[in-house]
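Let me begin by presenting the structure, written as structure tokens, before commenting on it.
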Amino acid sequence: MGWWRAWGGGGGGIDICCIGGLPSNCCGGVIAVDGGGDNGWVCVMVVDVGGADGWVCVMEPYVMVAARLMVVGGGGCRWLGMRDGGCRWLAASSTSASGLRVFVLSDLHTDYSENMTWVKCLSTTRHKKDVLLVAGDVAEKYDDFVLTMSLLKDCFQRVLFVPGNHDLWCRGEENDFPDSLEKLNKLLDACRGLGVEINPVVIDGLGIIPLFSWYHEACRDFHACKWPGDLSSRDASLSLYFDAMNENNQEVINEIQRTCDQIITFSHFVPRQDLCPEKRMLFYPNLPKIIGSDFLELRIRSIHGAMGSTSACHVFGHTHFSWDAVLDGIRYVQAPLAYPRERKRRMNGGENQLPYCVYSDGKFADKLSHCYWSDYYATNPRSPDITELAPWVARFYNRTWKSEF
């Protein structure tokens, strides 16, 4: 048994243990499979590393039931992402970080079986000392929500949550929840029972503040959510109502502002329009109307300051676009799991970067990779005066128009 050097698609190699009896062209190694169970890491199989793009071939098909693999050896460890009977080197990842690590994730939508499977395959050992911020839209059904949050709590030491619009849908559960506020209360009660946190906290000197929010105007949610008579999805009453819920934590927020140099706020909804692509870029042009709240941005600025700071970060969800940008002094991050069909188009940036570690060992992490739209706007100014549809949108509507006539 000896040590070999394996080279991945990201450049740079890692050492893996070579086992005898391999083909002459095979650089083999022991891999550890994390199937999401309670057994931890188990060294089970040999891999064949090859190809200019860094793909490796798993030599035993039953290994493919695992969601993720980790190669272990004298040089450290590295994650592999699965694809069609093979897997690919991902960014090097340490399992022994000494300081606080905070991960973020939104829009899990575990009503989709593929997404629930993804959650079930998260490591139950790798994040035992870590914190996870869940920025809403966990599941539409109450039972799926409870199962998902229970699974996440099994994986992470601490989990914090804010609700999204899909979480409050009553469709198909009208007998259990007379309205969406009643469902909200049940969800928050379930979180308390699971040990999932919904209030501001300080962890190792880092302030973390969940923010309740709703958007100004609703469309599809008008039918899927149900509200008491004094609240309406057709005006700002819901946005005001949810924003006012944050007042219950104002004393704690004031204390966090006074004592913490670094603060992460997080919400489900989008605090400002320039965290979404322009209308002409979108297949669904009404999206900017149903994403966020001006009250939310004011709330965020009241916490981080009007000019922000290098220690200010806000995490959000809802649009399913991976995003990482600094606007007016605050870093805004979205790391969505999104729908399975969107992941196939890599609209969300790809699931291999999830959950995203936004904070580690006293400092904010490097920029989230694969953020197409925020990267685009980092070099291209927004042009609201241009109304011509983007070429891909124009092609889509031309095809749709031709198919109808």
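The values are calculated or read from the model by the stated rules, or taken from the named source; none is laboratory data. Worth saying up front: this structure is predicted, and the values here are computed from it rather than measured. Please note: Cβ atoms are built from the backbone with ideal geometry, for glycine as well, and neighbour counts cover all protein chains shown. These area figures cover heavy atoms from the full protein model, side chains too; ligands, DNA and RNA do not enter into them. Shrake-Rupley method; radii C 1.70, N 1.55, O 1.52, S 1.80 Å.
A few comments on the model shown:
- The residue list Ser232, Pro178, Gln157 was ranked by how far each Cα lies along the charge dipole of segment 123-253 toward its positive end, using unit charges on Cβ atoms, and Gln157 comes out on top.
- Cα centre as origin, Lys/Arg/Asp/Glu Cβ charges: segment 254-405 dipole, Debye: 560 debye
- Mean separation of Cα contacts under 8 Å (6+ apart) over length of segment 249-405, as relative contact order %: 21 percent
- Accessible heavy-atom area order of Thr319, Thr259, highest first, probe of 1.4 Å: Thr259, Thr319
- Distance violations [Cα-Cα > 27 Å] among Lys141/Lys344; Lys226/Lys344; Lys128/Lys367; Lys344/Lys367; Lys128/Lys363: Lys226/Lys344
- For segment 219-285, fraction of C-alpha pairs farther apart than 17 Å, in %: 65 percent
- Annotation: amide H-H contacts under 5 Å for Ile264 (H modelled 1.01 Å from N, sequence separation of 5 or more, or interchain): Gly207, Ile208, Ile209.
- Shape of segment 262-321, Cα gyration tensor, a/c cut at 1.5: prolate
- Calculated diffusion of segment 261-405, Stokes-Einstein form, Kirkwood radius summed over Cα pairs, 25 °C and 0.890 mPa s, µm²/s: 149 µm²/s
- Radius, Kirkwood style, for segment 174-287 when every pair of distinct Cα atoms is counted (Å): 16.5 Å
- Cross-link partners of Lys279 among lysines, defined as those whose alpha carbon lies under 21 angstrom from its own and excluding same-chain residues fewer than eight positions apart: Lys289.
- Value in Å of the Kirkwood radius, where segment 280-356 supplies the Cα pairs that are averaged: 13.9 Å
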